[in-house]
Amino acid sequence: MQSSNDLRNILARIDRRGYPAYKDTRGAYQFPGYVLSIDHVQGDPFAAPSQLSIHMSGRQAGFPGQLYALPCQRVALQDALTRHFGRQAARASFQAKGSGHSGLISVSRCGQEVLERTACTLDPESGNLTLRLEVGFPANGRTINARELEKILFDLLPRCVERALVYRNLDGAQLQAVADLAEDQQYIRELLPRLGLCAFVADGSILPRASGVSPLPMEGAVPFRSPRERAVTLELPHRGAITGMGIPRGVTLIVGGGYHGKSTLLKALELGVYDHIAGDGREYVITDRTAVKIRAEDGRSIRGTDISMFIRNLPNGKDTCRFTTEDASGSTSQAANVVESMEAGTSLLLIDEDTSATNFMVRDELMQRVIHRDMEPITPLIDRIRELYRDRGVSTILVAGSSGAYFHVADHIIQMDRYEPRDITALAREEARAFPATGTGLEPAPAPDFRRCPVPSPELRDDRVKLRALGRDGVSVNRETVDLRYVEQLADGEQSAALGYCLLYAQRHLFDGRRTLQQVVAELDRLMAEKGLDALCEGRARGALLARPRPQEIFACLNRYRGLRLA
């Protein structure tokens, strides 16, 4: 390892040379209190910024063990430190001048959700801390401006490190509150199945967001208040007693007029699979960790999925036990999404009528009289929704605003009235008696066949595969784009990037024609849990900024890859 003085000498030597000479700075340098590693140097001032990392020993960082004793606390502390450093970096960014990205100092931009990231990692045994960042190496045109880089590396960056990554300079009480909140959220999540619940929404939660493009809480929004019939009180390790709405397992229907908060509640439940930061308003909106949002997805690719539970006896004779298509219809895609979610181990489906295929959701009595069931290959969800819970243990929370057919099959019915929930189960059941139920006498479907064994695609075994994340919209692998726009529980573009690396790792090491897709995803999840997200990356990809996806999103990515091949 070289000293910081060695780095000064290198900068003096390459000053005013052509930009490629910056590559001479690659390496690790000992600074007072930490090691600075220059991992990748951009080839041009207008290219993606250079990648650096800060390495501090547990003794130098000084964070007490009680702040990261539990895995959930460690992730929350890493998240908090990333945010702290990001605020310091924003103040220091572009104080050094030049062309292109010159002077940029940045880290991962965290949203409202708390995610495990490669941006900041804390070793649970030693307390050693690593933080990854990007820096735009300064240039005048394409000529090195080493004096400005020296300003960044020897003045601005040390100041950021000292103020954001050293415990003695931070608010210890605030960090303890972060750890306590993480433990309370984890406690609720683990308590849900023991209480027979699939979700919990605390009283006082702020569910509406500031706007359609802002995840911040809406000012002046109506605080959530549980109906008396659904109220549950929990005793948390740190917060103490907290009361809110418990949503029991089974089939729950959320109804109400337009703009009264139905979809807002469902959106909060979708993202309740993640912990949230203090002040978000949804800190205590906790959902079954396996929950999956389901919708119609016209045009998606389907590979060998058994959708016979919902679609069979197609006029063209196509096999629906191993259904394959490059361009699925709305109903077919939604059927595949349900079955693939079951394959991914979900215990809870989240569905909004607005984004569903009508013919997949329900067929009314008049339509059944005109077009007999024997002539319709689609068995709608309403005819299987009770069976999913009774035989497969899969609950459903469904938002409906136009069809009352689901009143017959729902265990619990919540009406949203000006963002205030009311339990109208008894009233809705009484009114439903005047209307005949559909789908009676239907035989249970055989369990779907999940024995799908992928084989590698030769084009992805090459080391020169080009991988590029497209935010939350998808990931580009060579010339193929995996469309993730409708995988609505992705919270961050760094999760999409991680999914791309999951796909590459699986292609190179796990797709062998013997392992099922379930076994492949289980191995990927185990790898990330035991060795970290970096274990997915190979060669130059090590050091990428990634956020950990759930197994459900890994399944979603693999299922939407059009190059997926099965044995």
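The values are calculated or read from the model by the stated rules, or taken from the named source; none is laboratory data. Remember, predicted model here, so these are calculated numbers, not experimental data. Note: ideal-geometry Cβ built from the backbone for every residue, glycine included; neighbour counts use all protein chains shown.
A few comments on the model shown:
- Qualifying residue in the range 96-104 (condition: in contact (Cβ under 8 Å) with a residue 60 or more places away in the chain, touching a Cys at 6+ places or on another chain (Cβ under 9 Å) and assigned by TED's automatic domain parsing to the domain that holds Cys160): no
- Test result for Arg312, at pLDDT 95 or above and basic (Lys, Arg): no
- Matching entry among Gly256, Gly272, Gly240, Gly246 (being at pLDDT 95 or above and on the phi > 0 side of the Ramachandran plot): Gly240
- Flag: Arg8 does not match the condition of being of a type in the set (Lys, Arg), closer than 25 Å to Glu183 by Cβ and surrounded by fewer than 17 Cβ atoms within 10 Å (Cβ to Cβ).
- Failed criterion for Ser457 (all others in (1) buried (at least 16 other Cβ atoms within 10 Å of the Cβ); (2) under 14 Å from the mean Cα position of the chain (by Cα); (3) not aliphatic (A, V, I, L, M) hold): (2)
- Each residue in the range 233-272 was checked for being under 20 Å from Gly393 (Cβ atoms) and either assigned by TED's automatic domain parsing to the domain that holds Leu381 or not charged (D, E, K, R) (or both), and 9 pass.
- Test: residue in the range 31-47 that is within 27 Å of Asp123 (Cα to Cα), at pLDDT 95 or above and over 35 Å from the mean Cα position of the chain (by Cα): yes
- Top-ranked residue of the range 76-97 - restricted to ones that are surrounded by fewer than 21 Cβ atoms within 10 Å (Cβ to Cβ) and in a loop (DSSP other than H, G, I, E, B), ranked as nearest to the chain's Cα centre (by Cα): Ser93
- Output for the range 305-330, where each listed residue is of a type outside the set (A, V, I, L, M) and within 25 Å of the chain's Cα centre (by Cα): Thr305, Gly330
- Selection from the range 100-124 of residues that are farther than 30 Å from Arg282 by Cβ and small (Gly, Ala, Ser): Gly100, Ser102, Gly103
- Selected residue [in contact with a strand residue (DSSP E or B) (Cβ under 9 Å, 6 or more places away or on another chain) and over 22 Å from Arg548 (Cβ atoms)] from Gln95, Gln66: Gln95
- You will find that of Leu536, Leu546, Leu517, Leu503, the residue that is within 29 Å of Ala296 (Cα to Cα) and touching a Cys at 6+ places or on another chain (Cβ under 7 Å) is Leu503 and no other.
- If the condition is being closer than 12 Å to Val255 by Cβ and outside any helix (DSSP H, G or I), then the range 407-432 contributes Ala410, His412, Ile413, Ile414, Gln415, Met416, Asp417, Pro421, Arg422, Asp423, Ile424.
- Within the range 54-75, tally of residues that are of a type in the set (Ser, Thr, Tyr) and buried (at least 16 other Cβ atoms within 10 Å of the Cβ): 1
- Cβ-Cβ contacts under 9 Å between residues 6 or more apart (or on different chains), taken from a first residue in the range 405-425 that is on the phi > 0 side of the Ramachandran plot and at pLDDT below 95 to a second residue that is β-branched (Val, Ile, Thr) and in a loop (DSSP other than H, G, I, E, B), are listed as Arg418/Val222; Tyr419/Val222.
- Counting only strands (runs of 3 or more DSSP E) that fall entirely inside the range 217-329 and contain at least 3 residues that are touching a His at 6+ places or on another chain (Cβ under 8 Å), the qualifying elements are 251-255.
- Taken together, Leu490, Leu527 contain a single residue that is touching a residue at least 12 places away in the same chain (Cβ under 8 Å), within 17 Å of the chain's Cα centre (by Cα), buried (at least 17 other Cβ atoms within 10 Å of the Cβ) and outside the structural domain of Ile38 (by TED's automatic domain parsing), which is Leu490.
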